[in-house]
Amino acid sequence: MKLTRILSVTALALATQLAQAQAWPTKSMTWIVPFAAGGPTDAMARDIADKVGKQIGQPVIIENAAGAGGTIGAAKAAKASPDGYTFLVGHMGYMGAGPALYKKLAYDPVKDFETVFRFPDTPLVLLVGKNSPHKTAGELIAAAKAKPGVVNFGNAGVGSTSHLIAALFAAKAGIDVTQVAYKGAAPAINDLIGGQVDAMFDQSNTALPQVQGNRLNAIGLTSLTPMPQQYPGVAPLAEKTLAGFEAATWYGLYAPKGTPKDVVQKMHQAYIKALADKSWTTRMAGQGIHLLPEAQYAPDAFAKHTAAEVERWRKVVTDAKIQLD
C-alpha cells in the first residue's frame, strides 16, 4: 500500500512536470547575468535575449547578480527552481575556470546545470602599444625568452579572461612573463596605450575601436581562422607562431539541473530560428564576434564543451599557480 502511494505521487509529479513543459512558456522568464549592467557579457545577453524572446513569444528579463567573478549569480541560478523560467548566462570564467580558481565553489558547472545553447564565441586579440618594438607575436615571444620575467602582460584582474589567456599563451610558448592585474580592462588598456605594460589580450569586439583608432597594434588572434574584415593582415597565433593555439571568451545559456528536456529543446530551437536572421548575425560578425557551426550551439555539444573547458583551465590555473579566495 505504501509503495503504491509512493509510485502514485511520483507519477503525478512527472505528469505535472510534463504538462507544464508542454504549456511552456506561459509567462516571462529570467536570465541571470552574473555581472553588472553595461559590460560585454550583459550587452551580449540582452541582445540574444531580445531575439530569443521574440521567437518564444514571451519577454526575457535580465537580472544582474554581480559579485565574486560571476560565482554569486551562478550559485543563485543553480539553486533556482528547475521550472523553465530561470536561466543562467554562463561565461568561461565562472563556468570553465571557476572550479580551479576558487577553493570553495557553491555549484558544479557540469553537475548542477542543464546546458541549453552556446552563444557565438568572442576570440581575443594580442595587443601591443603603437611604439612597441614587438611587431609580431614571434618577436614578443623571442623577447620574453631572451629576458625571462621582464616582458609584462596587463590584464583585467586576477582570474579574468585576459589573465587566463595570457597564462595559456605563456605556457604554450614556453615563456616566463609578469602578469599585471588591474581593476578592469579599461585601466589596463589605458596603460598599454601609455606604454606602462608591454602586451595584453583583449576581446576582439572590445579591442576593435582601439586598433581602428590607431591607438594599439594587433599582432595575433586566438581564433584558428583570420578575421580579415575586422583585423586585416593579422594572423591567428596558430598559423605562424603557436601551432594549434586556440582560445576564446565563450558564453552560453544554462538552466538549473532538472529543467524539463522539452523546455531546453524549445529554447534551443528558438535560438536557432533567431540565428537565421542574417542581418543580425552579420552585425555580430562585424563587431568581431565569431559565429560557430550550428552543431556547436546544441545542448549536447555545449555540455561536452563545458566539461572539456573545466579540465582545460584546471591545468592552466594549476600550472600558473593562479588562486582566488
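The values are calculated or read from the model by the stated rules, or taken from the named source; none is laboratory data. Quick caveat: nothing in here was measured; it's all calculated off a predicted structure. Cβ coordinates were reconstructed from backbone atoms using ideal geometry, including for glycine residues, and neighbour counts include every protein chain displayed. Accessible surface is based on the protein model in full, side chains and every heavy atom, while ligands, DNA and RNA are left aside. Shrake-Rupley method; radii C 1.70, N 1.55, O 1.52, S 1.80 Å.
Key figures for this structure:
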| read-out | value |
| --- | --- |
| Filtered residue count, the stretch 170-227, keeping only those that are under 24 Å from the mean Cα position of the chain (by Cα) and among the acidic types (Asp, Glu) | 1 |
| Every pair of residues 6+ apart whose Cβ atoms lie under 6 Å, when the first sits in the stretch 109-133 and is in contact (Cβ under 8 Å) with a residue 12 or more places away in the chain while the second is buried (at least 19 other Cβ atoms within 10 Å of the Cβ) and assigned to a loop (DSSP other than H, G, I, E, B) | GLU114/THR259; PRO120/ILE289; ASP121/TRP250; THR122/ILE289; PRO123/THR222; PRO123/SER223; LEU124/THR222; VAL128/HIS134 |
| Hits in the stretch 268-277 (condition: open to solvent by less than 40 Å² (accessible area, probe 1.4 Å) and either in contact with a strand residue (DSSP E or B) (Cβ under 7 Å, 6 or more places away or on another chain) or in a helix (DSSP H, G or I) (or both)) | HIS268, ALA270, TYR271, ILE272, ALA274 |
| GLY252 surrounded by fewer than 21 Cβ atoms within 10 Å (Cβ to Cβ), over 30 Å from LYS145 (Cα atoms) and modelled with pLDDT of 95 or more | no |
| In the stretch 42-65, the residues that are in a helix (DSSP H, G or I) and of a type in the set (Val, Ile, Thr) | ILE48, VAL52, ILE56 |
| Selected residue [open to solvent by less than 10 Å² (accessible area, probe 1.4 Å), out of contact with any Gly (no Cβ under 7 Å at 6 or more places or on another chain) and either without any contact (Cβ under 8 Å) to a residue 60 or more places away in the chain or in a helix (DSSP H, G or I) (or both)] from TRP280, TRP313 | TRP280 |
| The stretch 74-94 residues that are closer than 13 Å to LYS257 by Cβ, paired with ones that are open to solvent by 10 Å² or more (accessible area, probe 1.4 Å) and of a type in the set (Asp, Glu) (beta carbon under 7 Å, 6 or more apart) | ALA78/ASP112 |
| Pairs, first in contact (Cβ under 8 Å) with a residue 12 or more places away in the chain in the stretch 295-308, second open to solvent by 30 Å² or more (accessible area, probe 1.4 Å) and not basic (Lys, Arg), C-beta under 7 Å, six or more apart | TYR297/ILE272; ALA301/ALA295; THR306/VAL110; ALA307/VAL110 |
| Hits in the stretch 227-247 (condition: in contact with a helix residue (DSSP H, G or I) (Cβ under 8 Å, 6 or more places away or on another chain) and crowded, with 19+ Cβ neighbours inside 10 Å) | MET227, GLN230, TYR231, LEU237, THR241, LEU242, PHE245, ALA247 |
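Conditions (1) surrounded by 22 or more Cβ atoms within 10 Å (Cβ to Cβ); (2) more than 15 Å from the chain's Cα centre (by Cα), marked per residue:
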{"position": "ILE62", "(1), (2)": "no, yes"}
{"position": "ALA80", "(1), (2)": "no, yes"}
{"position": "MET92", "(1), (2)": "yes, no"}
{"position": "LYS103", "(1), (2)": "no, yes"}
{"position": "ALA106", "(1), (2)": "no, yes"}
{"position": "PHE117", "(1), (2)": "yes, no"}
{"position": "LEU127", "(1), (2)": "yes, yes"}
{"position": "PRO133", "(1), (2)": "no, yes"}
